[in-house]
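The values are calculated or read from the model by the stated rules, or taken from the named source; none is laboratory data. In this text, all values refer to a predicted model and were calculated from it rather than measured experimentally. Using ideal geometry, Cβ is built from the backbone for each residue, glycine included, and neighbour counts are taken over all protein chains shown.
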Amino acid sequence: MSIRSPIVTVLGHVDHGKSSILDAIRGSDVVAGEAGAITQAIGASIIPAETIKQRLGSLLDETKLHLTIPGLLFIDTPGHAAFTSLRSRGGSLADIAILVVDINEGCKPQTLESVEILKNTRTPFIVAANKLDLIPGFSNKDGPLVSQLAAQAEHVARDVDTKLYGLVGVLYERFSLQAERFDRVDDFTKQVAIVPCSAKTGLGLQELLLVISGLAQRYLEQSLSFDVSGPGKGVILEVKEDKGLGKTIDVILYDGRMRVGDTFVYGTLDEPRQAKARALFEPWPNTEMRDRKGKFRSVKEAAAATGVKISAPDLEGAAAGMPVLVTSPAGVADAVAEVAAQINDVQIATEHEGVIIKADTLGSLEAMIALLREHGIPIRRASVGQVVKKDVSEAESNAEKHPLYAAVLGFNVAPAKSTDRVKVIVHDVIYRIIDEYEAWRQERRKEDEAKQLDSLVRPCKIEVLQHCVFRQSNPCIAGVEVLKGSLRTGMPLMKRDGRPLTLVRGIQADKESLSVAERGRQVAVSLPNVTAGRNLEEADFLYSDVSEEDFRKLKRLVEYLSPDEKEVLKEVAQIKREHNPVWGV
């Protein structure tokens, strides 16, 4: 058995300095080559033990850390999203993580989501509180980080502590995680270490490297052991077209070994497939796989943990986040079954009713399922890939029975159009998907509740106008004014003493038939079984005859009633309670 390099993922909110911190550690300038200085794709960097020793310098001797790991394999991600694709069977592929937070901005949506994912995958992490140099009044001095913090002006030191303990508070309040500045941590197994730093000046990066290396050595030794001769296991980071090589896959090899000529099985969106490694390439130390300048070296074999570019024929359908498993030709069937099982682990974890969810990778899908379930959102089907017509059609089948589940939620996939019956929400932050879905549900629920009013007798009050009885009976036709609410055809009417009178058979104004007459309108109404002068008089006030059952429903939906309808409802209740004191209670 040998000890492999720990896999360290770097994640956090966009533009908080993840790539800049890695650039400072590597001594490279990958950020400058990125569009808008924002990481566009996942990258992997091999930092050998020699580089770590050089970066730590005298700090290594002062802390008496004996470095036994062969190095660190850093994974840089666009936001937190690609981190979710880094999974092996049973959880996160990363051994440990660095959560980068802009100390001045604090926790942002992707920061919070990153912590959620780290918790769900049980990945230990430390916080790099970056951009320390931007705190007003902060000045670089000689010496290590702790002494420089102590040497700041009093108001600056106070400002640093306030911002640090703001992070401590959020981690505790939102996630029940205890955190502390790294040099004040009593127990690294129970407290999250926060290292203030600046990627721009390099301050604190030694301490960051020291903490991550020390923690990996001390607490992860067992998980870092691997069989040197065992078959390679990995995860696809990216599928590319490389000049002269054709289609290649960038893979994190997290266990075992892979050689040129090896047969391997890889996952696709459909089913596992097999291929044979034609050539292998590793990034040079202190460079990374995303760098387009071709800093790769051809190798005959690669051993965990490392990033490796695999050139092979028959890579059709290979997809980011899918597993890769080296096998002997005789063991292909078993390897196919194992890869299929990893994919099915996620895809079968659904309910009979719920929303449809899509994600760009298997790991992203797994993270999405975990967070949606945590928010109590049921999932009918979960799969990898873009939103297609079939997804919308399946969501539409919810529209009649479960309209609030008539939605497709997509994480890190291309936008798609909603329909009249199906809401499609696509975003690269799961929390925003959840927030938008909950807002849509709330709006949809209000619309549905408002529609329920159409089946109820709504509050209305009218007055019979003087000298406006146009027919005395069979049916009685009289002119009325709508004082409050809306008068509707078919509405039952009662008198001021609560006695039922009749139904409104028809409403007419200016020789035009109406179904509804709004407040303030003067109209002629047709009233069957009524005789003017006997049971209806001029200047009478009439009310809609609201049943007790409708009254109770109207009370639940009172927010959708107009102010004057609410007033009439109170009058109706008073009239009814003159005969039955507990009516509608």
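So which residues in the range 114-173 are touching a Ser or Thr at 6+ places or on another chain (Cβ under 9 Å), at positive phi and either modelled with pLDDT of 90 or more or not in a loop (DSSP other than H, G, I, E, B) (or both), if there are any at all?
Within the range 114-173, just Lys131 meets the criteria.
Spot the failing condition for Gly36; the list is (1) surrounded by fewer than 23 Cβ atoms within 10 Å (Cβ to Cβ); (2) touching a Ser or Thr at 6+ places or on another chain (Cβ under 9 Å); (3) at pLDDT below 80, and only one is missed.
(2)
A quick yes/no check of all residues on (1) surrounded by fewer than 15 Cβ atoms within 10 Å (Cβ to Cβ); (2) closer than 21 Å to Asn344 by Cα; (3) at pLDDT below 90:
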residue	(1), (2), (3)
Ile379	no, yes, no
Asp391	no, yes, no
Glu400	yes, no, yes
Pro403	no, no, yes
Leu409	no, yes, no
Ala416	no, no, yes
Ile425	no, no, no
Tyr437	no, no, no
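Taking the conditions exactly as written (of a type outside the set (S, T, N, Q) and surrounded by 15 or more Cβ atoms within 10 Å (Cβ to Cβ)), does Glu481 satisfy them or not?
On the way: of a type outside the set (S, T, N, Q): yes; surrounded by 15 or more Cβ atoms within 10 Å (Cβ to Cβ): yes.
It is true that Glu481 is of a type outside the set (S, T, N, Q) and surrounded by 15 or more Cβ atoms within 10 Å (Cβ to Cβ).
Check whether at least one residue in the range 164-177 is crowded, with 21+ Cβ neighbours inside 10 Å, within 31 Å of the chain's Cα centre (by Cα) and closer than 24 Å to Glu50 by Cβ, and report yes or no.
No: the range 164-177 contains no residue that is crowded, with 21+ Cβ neighbours inside 10 Å, within 31 Å of the chain's Cα centre (by Cα) and closer than 24 Å to Glu50 by Cβ.
Restricting to the range 87-107, and then to whatever is surrounded by fewer than 18 Cβ atoms within 10 Å (Cβ to Cβ) and modelled with pLDDT under 90, can you tell me which residue is farthest from Leu237 (Cα to Cα)?
Only one residue fits best here, namely Gly90.
Taking into account only those residues within the range 558-585 that are assigned to a loop (DSSP other than H, G, I, E, B) and surrounded by 16 or more Cβ atoms within 10 Å (Cβ to Cβ), which is modelled with the highest pLDDT? Can you show your working first?
Our first condition is that a residue be assigned to a loop (DSSP other than H, G, I, E, B); within the range 558-585, this holds for 561-562, 578-585.
Still in the running and surrounded by 16 or more Cβ atoms within 10 Å (Cβ to Cβ): 561, 583-584.
Working: Leu561: 89, Trp583: 93, Gly584: 90.
The residue in question is Trp583.
Looking at this structure, is Glu518 under 49 Å from the mean Cα position of the chain (by Cα) and over 18 Å from Cys468 (Cβ atoms)? Step through it out loud before you land on a result.
Working: under 49 Å from the mean Cα position of the chain (by Cα): yes; over 18 Å from Cys468 (Cβ atoms): yes.
Taking the combined requirement at face value, the residue satisfies it.
Here are some conditions: (1) touching a residue at least 60 places away in the same chain (Cβ under 8 Å); (2) within 30 Å of His375 (Cα to Cα). Gly410 meets all but one. Which one does it not meet?
The one condition Gly410 does not meet is (1).
Residues that are under 23 Å from Ile3 (Cα atoms) and either hydroxyl-bearing (Ser, Thr, Tyr) or modelled with pLDDT of 85 or more (or both): does the range 309-321 have at least one?
yes
Every residue in the range 441-474 that is part of a helix (DSSP H, G or I) and surrounded by 15 or more Cβ atoms within 10 Å (Cβ to Cβ), please.
Correct list: Arg441, Arg444, Leu453.
Report yes if Glu353 is surrounded by fewer than 17 Cβ atoms within 10 Å (Cβ to Cβ), charged (D, E, K, R), modelled with pLDDT under 90 and in contact with a helix residue (DSSP H, G or I) (Cβ under 8 Å, 6 or more places away or on another chain), otherwise no.
So Glu353 fits the description; yes.
Does Leu493 fit the bill of being surrounded by 19 or more Cβ atoms within 10 Å (Cβ to Cβ) and either under 30 Å from Thr531 (Cβ atoms) or touching a residue at least 40 places away in the same chain (Cβ under 8 Å) (or both)? Let's see the steps before the verdict.
On the way: surrounded by 19 or more Cβ atoms within 10 Å (Cβ to Cβ): yes; either under 30 Å from Thr531 (Cβ atoms) or touching a residue at least 40 places away in the same chain (Cβ under 8 Å) (or both): yes.
Yes.
Residues to consider are Pro136, Pro144; find the one that is surrounded by fewer than 17 Cβ atoms within 10 Å (Cβ to Cβ), in contact (Cβ under 8 Å) with a residue 60 or more places away in the chain and not β-branched (Val, Ile, Thr).
Pro144
Within the range 51-61, how many residues are free of Cβ contacts under 8 Å to residues at least 24 places away in the same chain and farther than 17 Å from Val146 by Cα?
2
Given the options Ser418, Ser364, name the one that is free of Cβ contacts under 8 Å to residues at least 12 places away in the same chain and among the polar types (S, T, N, Q).
The conditions single out Ser418.
Run Ile75 past the list (1) aliphatic (A, V, I, L, M); (2) touching a helix residue (DSSP H, G or I) at 6+ places or on another chain (Cβ under 6 Å); (3) part of a strand (DSSP E or B); (4) at pLDDT below 85 and report the number of the one that doesn't hold.
Unmet for Ile75, out of (1) aliphatic (A, V, I, L, M); (2) touching a helix residue (DSSP H, G or I) at 6+ places or on another chain (Cβ under 6 Å); (3) part of a strand (DSSP E or B); (4) at pLDDT below 85: (2).
Can you confirm whether Ser364 is of a type in the set (Ser, Thr, Tyr) and over 18 Å from Lys423 (Cβ atoms)?
Criteria met by Ser364.
When residues of the range 174-210 are filtered for being assigned to a loop (DSSP other than H, G, I, E, B) and either without any contact (Cβ under 8 Å) to a residue 60 or more places away in the chain or outside the structural domain of Gly143 (by TED's automatic domain parsing) (or both), how many remain? Spell out the reasoning first.
Step one: of the range 174-210, the residues assigned to a loop (DSSP other than H, G, I, E, B) are 176-177, 185-190, 197-204.
If we keep only those that are either without any contact (Cβ under 8 Å) to a residue 60 or more places away in the chain or outside the structural domain of Gly143 (by TED's automatic domain parsing) (or both) as well, we get 176, 185-190.
Final tally of qualifying residues: 7.
Of everything in the range 533-550 that's part of a strand (DSSP E or B) and surrounded by fewer than 22 Cβ atoms within 10 Å (Cβ to Cβ), which residue is nearest to the chain's Cα centre (by Cα)?
Across the range 533-550, the extreme among qualifying residues is Phe541.
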